[in-house]
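Below: one structure, written as structure tokens.
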């Protein structure tokens, strides 16, 4: 047996498979854009309640000292009859958020609001557990949910509640807006990513009568739908996605309102962003393992099942991308990068891959910017950064996918809130030991690896087609790793400053 030929064929098979998988999800982006343009004019129509229903607003939080008071005060400003509004502050905090939130609740209660402060001494079930616990004393027929970093507009309920006149509607989801969109390169990139999700994905899925997801916040649930679907589960890190699919499998209907915006802050610091993306990625993969078989075995239509497959498995793209990056240098060495072997079939194949995997990203985010901002040029300008950040995040996100597949459990890590995105405001109430995070080192190593690939691509005219991508990928890994290092350094400094007075007191006692 020619072991060299066998190894070559095995490598080429795996490499091609990874390209095909990335291309399939690229093709799916084109499908979403098509569905968006075909169905975008199917605007849902609201009825009119003769008597407004009672609504409970749940505000889950955990150590949100910089934004806890703001969300409580903003919720009290909602333009809705006070006698029909109940507010629940579901606080699992272990820091001085307890005092800040409870004080804000007392002030609101003194003004006549029906508001209760519920503090758990443990985080059993994390956010899902807090929401379930709040349901025990919730009095509303409908449950609106806001995370602590949101700043809801006064007309949120008046503009959304009347869609529930349709008895089949279980959720009304609004579009996230970003109060710190223009603060940095990182927040601008995040805003573009989320604009694609809300501007294209939600509209395409919802108005073409496919399953969509509740985003965990800035939306309202019909209480009976939550109960009918089995309530909040905490066996995945994305309890919102899990409940969304269980409810829709029961026949409940979702409404998405892209014109009703709910402002919130974006994580302004790389490690906060990575923690958020890791949770979403791992939770999405966990939900796919749990829910996708039920969807495929259900009586849902073929179009719903196909979209559910791509929706729930899209997180695996991070794994495929990381595999392609790892295989890139040997692929270049054995002349399997685009157009390098000169054969017609390989040229056609690689051009197709480029169009599906790369151009689809550009088309997708251009369409989303037209929908959200009325400006396609921004997507073009930031496209290299979006590609770089997406590749740079692949190490952390692939880790999340692998952990989900092997069944490894992890804590629900809340995304740090900074109050209008000012990271200098984040303070720490005391020192906290933490294991050394190896991911930034691995990401930096990938940056070095891509630098080698970039230099190698310059040595042959046939490899120049891949040179710009090598440069973008290298920048992405360097950017993510260096920003992570800087974030950890800032965190360590803040913890030292926070612990300094305590250390001084200890020294004073000794003396």
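Values computed for the structure shown
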{"read-out": "Relative packing of 471-483, 249-261, which averages over residues the other C-beta atoms within 10 Å, highest first", "value": "471-483, 249-261"}
{"read-out": "Label point distance in nm, residue 224-residue 381, each placed 7 Å from Cα along Cα→Cβ", "value": "5.0 nm"}
{"read-out": "Prolate/oblate/rounded call for region 100-232, Cα gyration tensor, a/c under 1.5 rounded", "value": "oblate"}
{"read-out": "DSSP-defined beta bridges in the chain - what % are antiparallel, rounded to 5", "value": "25 percent"}
{"read-out": "Set of region 68-90 residues, backbone N closer than 11 Å to the point 7 Å along the Cα-Cβ line of residue 106", "value": "none"}
{"read-out": "Rounded tilt (10° steps) of 467-510 against the dominant C-alpha axis of the chain", "value": "40 degrees"}
{"read-out": "Sequence of 147, 95 once ranked by neighbouring C-beta atoms within 10 Å, starting from the fewest", "value": "95, 147"}
{"read-out": "DSSP beta bridge pairing in region 53-270, given as percent antiparallel to the nearest 5", "value": "25 percent"}
{"read-out": "Sequence ranges 115-126, 205-216, ranked by mean other-Cβ count within 10 angstrom, highest first", "value": "205-216, 115-126"}
{"read-out": "Debye log10 I(q)/I(0) for the chain, one point scatterer per Cα, at q = 0.06, 0.08, 0.09, 0.11 Å⁻¹", "value": "-0.31, -0.54, -0.68, -1.00"}
{"read-out": "Cα-based Rg of region 449-498 normalised by 2.2 N^0.38 Å, two decimals", "value": "1.73"}
{"read-out": "By average C-beta atoms within 10 angstrom, highest first, the peptides 85-92, 67-74, 376-383", "value": "85-92, 67-74, 376-383"}
{"read-out": "Acute angle (nearest 10 degrees) that the helix 126-135 long axis makes with the longest principal axis of the chain, alpha-carbon atoms", "value": "30 degrees"}
{"read-out": "Stretch gain in nm, segment residue 41-residue 493, where the contour uses 0.36 nm per residue and the Cα spacing is subtracted", "value": "157.5 nm"}
{"read-out": "Within the chain, helix-based [θ] at 222 nm, where runs of 4 or more DSSP H residues each add -39,500 (n - 2.57), nearest 500", "value": "-18000 deg cm²/dmol"}
{"read-out": "Bins of 10 Å from zero: percent of alpha-carbon pairs in region 243-285", "value": "21, 27, 42, 10"}
{"read-out": "Tilt relative to the chain, helix 270-297 - C-alpha long axis, 0 to 90 degrees, to 10", "value": "90 degrees"}
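FYI, it's all coordinate maths here, none of it is from the lab. Please read these numbers as outputs of a predicted model, since none were measured by experiment. Methodologically, a virtual Cβ is constructed for each residue, glycine included, from the backbone with ideal geometry; neighbour enumeration extends over all protein chains shown.
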